[in-house]
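The structure appears right after this line, and notes come after that.
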Amino acid sequence: MLADIDHLQRVIQRKHPAPFLYTSTERLRQGFDSLRSTVHGPMTALRFLSHIAALYPLLADGHTMFLPGAASPVPGQPARYLPLYPVWADGRLVVLRNGSDDPQACPGAEILAINGVPSAAIMDTLMRRQVRDGANSTYPAWILGRYFREYYRFSFDGPDTFDVVLRGRHAPMHLRIAALPADRIRANEALRDPEPRPSILEDDFRRSELLLEPARPIALLTLPSFDDLGARRPGRSANKRHLRGIFDRIHHHRVQSLILDLRGNMGGDPALAKALLAHLLDEPFHLVLRGPAQGRCRPVKRPFTGKLVVLMDGGSFSATGMVLSCLERHARATFIGEEAGGNRTVLCGSPARIVLPNTRLDCMISTRLWRLADRMNDGHGVMPTDLVIPTIEDRLQGRDPALLRAFDVVD
């Protein structure tokens, strides 16, 4: 472990383009020294992973991250997890879906503690040991909202059972819940809720699509990724042609207001991000001021010039943060939702994968830097014009308050 900490320090100092963007040389050195001084004995691989995650607040780079190695913790056996899907909102950790064998952990029940640790302390630990760009907190919260059980396992190991204190409508109750593999959890969830409410808030498998409002000059364009804009064939050229087709339909139907949904879009190909902006801006622009993909870009001959409303959240990251930053600089859109997860001024990326030689943990280390604008870096993503945060009840009922607000704005 000590040798791997030394190795990781050398790699970051050699490969990372801006390791001191949010900290000093001395503070980062002290961070590595602290990691070495607090290795007092053997650790599991997951415990060591949690140990080195203390570097995240110093690096403050959402593309530099540490992950478990490919090998299963017990050869021949799948990893097992807390079989509850909780959501943190309104200062509470609440069960959204129950994948355990115990039907008492009903959706809507508040989790007060797990294995003796209060839920607020659990979330504090998980948030501090989560990647982010700069001072942003919506990206780590977005990650934990989708992968809570995986990151809980990273920080608290993988016990065979969980002592869970729940509060439902009545007095708190104590449940002893067995850890389960992911396929068993999914099967239990499907058995209890065979037709779950579709919701953007939990759907990580949306497709790119254009929806035209009947009898109203309004369109909703959903783009979950800038690696795939929905073309039938893969590749940059096919996706650019597909995007042109989308805006041809928008012009054909004389759309006056466009809602662009970039929530959960974690980025992708900057060339496709530029292609989108060329359809939305009527003046020359740059996606990147200095760095990869830099240069002046021109709009298409007939860009969309109607009202533009953009939905965003903590999952709007990387190249999506670049798009949002460009739209903000051109005062082109109304932004609805939460702060974007990707930085609006400067960010690192193009991570290289290294495997720590002894513990075999996977490390993704950024190798390139993008400067988006000449301004002070405040460590934040684009801020919403209209802040809309889903409540617990929204999550339980599958409501989408940001989308509802967008339709109010364009009406």
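Can you tell me the mean projection area, over all orientations, of the convex hull of region 163-288's alpha carbons? Units nm², please.
13.2 nm²
How far is helix 236-252 tilted off the main Cα axis of the chain, in degrees rounded to 10, range 0 to 90?
Helix 236-252 and the main axis of the chain meet at about 60 degrees.
Could you tell me the relative contact order of region 80-192? Use alpha-carbon pairs under 8 Å, at least six residues apart, and round to a whole percent.
So the answer I get is 36 percent.
So if I restrict to the alpha-carbon atoms in region 51-124, what is the Rg, and what is Dmax, the biggest pairwise distance, in Å?
So, for region 51-124, Rg and Dmax equal 15.8, 42 Å respectively.
In whole percent, what relative contact order does the chain give with Cα contacts below 8 Å and a gap of six or more residues?
Reported as a whole number, the value is 18 percent.
Using a ≥ b ≥ c from the Cα gyration tensor of region 222-322 (square roots of the eigenvalues), is it rounded, prolate or oblate, where a/c under 1.5 gives rounded and otherwise the larger of a/b and b/c decides, a/b for prolate?
It is rounded, given that a/c, with a ≥ b ≥ c, falls under 1.5.
What do you get for Rg/Rh over region 356-411 if you use C-alpha atoms and the Kirkwood form of Rh?
1.22
For 106, 326, what ranking results if the residue with the fewest other Cβ atoms within 10 Å of its Cβ goes first? Intermediate values should be presented prior to the final figure.
Details: 106 13, 326 25.
In increasing order of surrounding Cβ atoms, one gets 106, 326.
If you take the C-alpha gyration tensor of region 2-67, multiply each eigenvalue by 5 and take the square root, what semi-axes do you get, largest first, in whole Å? Before the final figure, lay out the partial values.
Numbers: eigenvalues 78, 33, 23 Å².
In descending order the semi-axes read 20, 13, 11 Å.
What's the Cα-based Rg to Rh of region 1-111, Rh via Kirkwood?
Ratio value, two decimals: 1.09.
For helix 401-410, report the angle its Cα long axis makes with the longest principal axis of the Cα atoms of the chain; keep it between 0 and 90° and round to the nearest 10°.
The two axes meet at around 10 degrees.
Over region 258-401, with a single point scatterer placed on each C-alpha, what log10 of the ratio I(q)/I(0) does the Debye formula yield at q = 0.09, 0.11 1/Å?
Evaluating at q = 0.09, 0.11 Å⁻¹ gives log10 I(q)/I(0) of -0.32, -0.46.
Would you mind checking the tilt of helix 319-329 against the longest principal axis of the Cα atoms of the chain, expressed as 0 to 90 degrees and rounded to 10?
With rounding to tens, the tilt is 50 degrees.
Which lysines have a Cα lying under 27 Å from the Cα of residue 307, excluding residues fewer than 8 positions away in the same chain?
Cross-link targets: 240, 274.
How big is D, in µm² s⁻¹, for region 80-155 by Stokes-Einstein at 4 °C and 1.567 mPa s if Rh is the Kirkwood radius over C-alpha pairs?
Answer, rounded: 101 µm²/s.
Where does the chain land at 222 nm, in deg cm²/dmol rounded to the nearest 500, when only DSSP H runs of n ≥ 4 count, each adding -39500 (n - 2.57), divided by all residues?
-10000 deg cm²/dmol
For region 73-202, what class follows from the C-alpha gyration tensor (a ≥ b ≥ c being the square roots of its eigenvalues): rounded when a/c is under 1.5, otherwise prolate if a/b is larger than b/c, else oblate?
rounded
Among 63, 7, which comes first, then next, by fewest other beta-carbon atoms within 10 Å?
Least crowded to most crowded, the residues run 7, 63.
Given contacts defined as C-alpha pairs under 8 Å and at least six residues apart, what's the relative contact order of region 181-316, whole-number percent?
This gives 22 percent for region 181-316.
Sort 266, 65 by Cβ crowding within 10 Å, fewest neighbours at the top.
Values: 266 22, 65 18.
Exposure proxy ranking, most exposed first: 65, 266.
Taking all pairs of distinct Cα atoms, average 1/r, flip it, and tell me the Kirkwood hydrodynamic radius of region 294-365 in Å to one decimal place.
After inverting the mean inverse Cα-Cα distance, the result is 14.9 Å.
Computed from the coordinates by the stated procedures, all read-outs in this text should not be read as laboratory data. All values derive from a computational prediction rather than experimental measurement. Glycine gets a Cβ as well: all are built from the backbone with ideal geometry, and neighbour counts include every protein chain shown.
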